[in-house]
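Engineer: A single structure is presented below for examination.
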């Protein structure tokens with residue numbers, strides 16, 4: 001039977017844990033807000049870029065560019081975006097499970113992986129995959145310089161024919177409670193996908209004066225497009241990670257509260273039992289002496 | 001009749017800098033500076049490294065480093081890789097970058113990346129130019 005002191009100790013320790021989880025929840029909430037703001041700030045550029053690229057690409061009958069070149073997919077490269085840290089519920093597990101599904105579906109092809117985020121790097125390295133590069137500590141705060149570095153690397157690998165396609169596997173931020181596990185084809189760029197979803201058809205048919213040729217412009221636009229896709233994936237994944245951690249820490253805090261309540265109840269019962277026992281002893285002792 | 005003013009949007013991958021009405025915009029095109037007035041014929045150009053100025057309620061200068069611009073009769077959209085308002089430019093940092101680039105170019109090391117060092121110098125120079133202009137002529141007093 002645990003004594004009163006044991007209960008007090010146990011409650012104190014749970015309270016300490018609860019304080020930590022609560023603090024982590026607030027930190028995650030602040031980071032989530034920052035990640036969402038960054039995602040929001042990046043949106044106008046992505047939107048305008050898409051519009052310019054769409055109108056340029058639709059003007060070229062047969063667009064040719066190394067980043068558009070379609071080859072049989074023999075060598076596949078996957079960018080896997082996980083979290084930088086744990087304590088985010090099933091965030092990393094889910095993403096890695098989705099990545100594994102993708103790897104199984106591409107069995108027989110030569111697979112190489114670039115992990116973004118420490119958790120994925122550790123897990124994939126342990127599983128013995130071919131990691132051709134790795135980026136860690138880049139997702140808690142997404143810097144554009146990193147986005148550019150990664151985009152340049154995969155674009156070069158693709159243009160040089162070292163890989164035949166590039167996919168991005170990441171968690172897309174939906175709501176604080178849920179994320180979409182997404183697999184997107186980054187390269188080759190699909191002109192059809194760029195052309196569709198044109199919300200402003202009017203500007204696509206304007207006859208522009210071109211300072212440079214359409215091909216030159218395309219050559220400059222496509223790398224920017226790849227960058228904006230990578231940036232989006234990184235920002236989404238970052239927001240999703242912070243959201244998952246916030247939710248996990250929230251429920252941890254609530255659970256700790258429940259544990260404290262149960263323990264306090266037991267403690268009070270034990271205390272009451274001790275008091276009752278003492279009273280009985282005094283009463284029975286008194287009755288014998290009278 | 002030509003419109004009196006046009007909408008100017010300046011965005012970079014990380015933020016939207018400007019969204020305002022303008023009566024005149026000067027862009028640093030890759031093949032030279034372009035003056036844009038409302039009602040300009042539709043035009044698409046790549047941007048170089050240079051100074052972008054526009055007149056709305058006052059005159060505003062920015063340093064722009066590469067990107068694209070789309071001109072429509074009633075709207076100018078600038079997609080810059082990097083852009084900074086004159087007031088935001090850190091003059092000391094730009095001066096330091098200029099000194100670094102010049103040193104690298106002057107050292108005569110055959111292994112340096114000439115393009116990169118040259119571009120770095122150009123960037124620093126344009127930042128300094130824009131920042132100086134802003135400091136000698138305070139904004140909104142044209």
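Computed from the coordinates by the stated procedures, all read-outs in this text should not be read as laboratory data. Just so we're clear, the structure is a prediction, and the values are computed from it rather than from any experiment. Here the Cβ positions follow ideal geometry from the backbone for every residue, glycine too, while neighbour counts run over all protein chains shown.
Engineer: To the nearest 10 degrees, how steeply does helix A:144-159 sit against the main Cα axis of chain A, on a 0 to 90 scale?
Structural biologist: Once rounded, the angle reads 50 degrees.
Engineer: Tell me, what is the percent relative contact order of chain A, built from C-alpha pairs under 8 Å that lie six or more residues apart?
Structural biologist: Relative CO of chain A lands at 32 percent.
Engineer: Let me ask you something else. By how many degrees, 0 to 90 and rounded to 10, does the Cα axis of helix B:91-106 deviate from the longest principal axis of chain B?
Structural biologist: The answer is roughly 50 degrees.
Engineer: Right, here's the next one. So, in nm, how far is label residue B:26 from label residue A:181 when the simple model puts each one 7 Å beyond its Cα toward the Cβ?
Structural biologist: 5.7
Engineer: Kindly provide the Kirkwood hydrodynamic radius of the range B:18-142 in Å, to one decimal, from all pairs of distinct alpha carbon atoms.
Structural biologist: Evaluated on the range B:18-142, it is 15.4 Å.
Engineer: I've got another one for you. At each listed q (0.08, 0.14 Å⁻¹), what is the log10 of I(q)/I(0) that the Debye formula gives for the protein assembly as shown modelled as equal alpha-carbon point scatterers?
Structural biologist: So the normalised log intensities are -0.60, -1.32.
Engineer: Still on this structure, I have one more. Can you tell me the length gained on complete extension of the stretch residue A:275 to residue A:69, counting 0.36 nm per residue apart and subtracting the Cα distance?
Structural biologist: Length gained, residue A:275 through residue A:69: 65.8 nm.
Engineer: Right, something else. Based on DSSP H runs of at least 4 residues, each adding -39500 (n - 2.57), what is the mean residue ellipticity at 222 nm of chain B after dividing by all its residues, to the nearest 500 deg cm²/dmol?
Structural biologist: -9500 deg cm²/dmol
Engineer: Then there is this: Before anything else, pin down the relative contact order of chain B: Cα pairs under 8 Å, at least 6 apart, normalised by residue count, whole percent.
Structural biologist: Over chain B, the number comes to 22 percent.
Engineer: Å³ per residue of the Cα convex hull, for the range A:48-169?
Structural biologist: For the range A:48-169, the hull spanned by Cα atoms encloses 130 Å³ per residue.
Engineer: Then there's this: Please arrange A:50, A:234 by counting, for each residue, the other beta carbons lying within 10 Å of its beta carbon, fewest first. Write out the running numbers ahead of the final one.
Structural biologist: Working: A:50 17, A:234 29.
Ordered by Cβ neighbours within 10 Å, fewest first: A:50, A:234.
Engineer: Would you calculate the separation in nanometres between label points at residue B:106 and residue B:37, each defined as 7 Å from the Cα along the Cα-to-beta-carbon direction?
Structural biologist: For the pair residue B:106/residue B:37, the computed spacing is 4.5 nm.
Engineer: Another question, then. Please report B:33, A:135, A:158 as a ranked list, fewest other C-beta atoms within 10 angstrom at the top and most at the bottom.
Structural biologist: Lowest to highest Cβ neighbour count: B:33, A:135, A:158.
Engineer: Calculate how many DSSP beta bridges within the range A:42-191 are antiparallel, expressed in % of all such bridges and rounded to the nearest 5. Intermediate values should be presented prior to the final figure.
Structural biologist: Values: 8 of 23 bridges.
So the antiparallel bridges amount to about 35 percent of the total.
Engineer: Helix-derived [θ] at 222 nm for chain A: sum -39500 (n - 2.57) over DSSP H runs of at least 4, divide by residue count, nearest 500?
Structural biologist: Calculated from helices alone, the mean residue ellipticity at 222 nm is -22000 deg cm²/dmol.
Engineer: What does the convex hull of the Cα atoms come to per residue for the range A:28-246, in Å³?
Structural biologist: Once divided by residue count, the hull of the range A:28-246 is 121 Å³.
Engineer: Here's something else I'd like to know. Rounded to the nearest 10 degrees, what's the angle between the helix A:214-289 long axis and the longest principal axis of chain A, both from Cα atoms, 0 to 90?
Structural biologist: 10
Engineer: Considering chain B as a Gaussian network with a 10 Å cut-off on Cα pairs, which listed residue, B:87, B:96, B:30, attains the greatest mean-square fluctuation?
Structural biologist: Sorting by GNM fluctuation, first place goes to B:96.
Engineer: Using a 10 Å cut-off around each Cβ, can you sort A:64, A:10, B:40, A:242 from fewest to most neighbouring Cβ atoms?
Structural biologist: So the residues, fewest neighbours to most, are A:64, A:10, B:40, A:242.
Engineer: Averaging sequence separations of C-alpha pairs under 8 Å and six or more residues apart, then dividing by the length of the range B:6-86, give the relative contact order as a whole percent.
Structural biologist: Contact order relative to length: 32 percent.
Engineer: Compute the length gained on full extension between residue B:135 and residue B:99: take 0.36 nm times their separation in residues and subtract their Cα-Cα distance, giving the result in nm to one decimal.
Structural biologist: Taking residue B:135 through residue B:99 to full extension adds about 10.9 nm, to one decimal.
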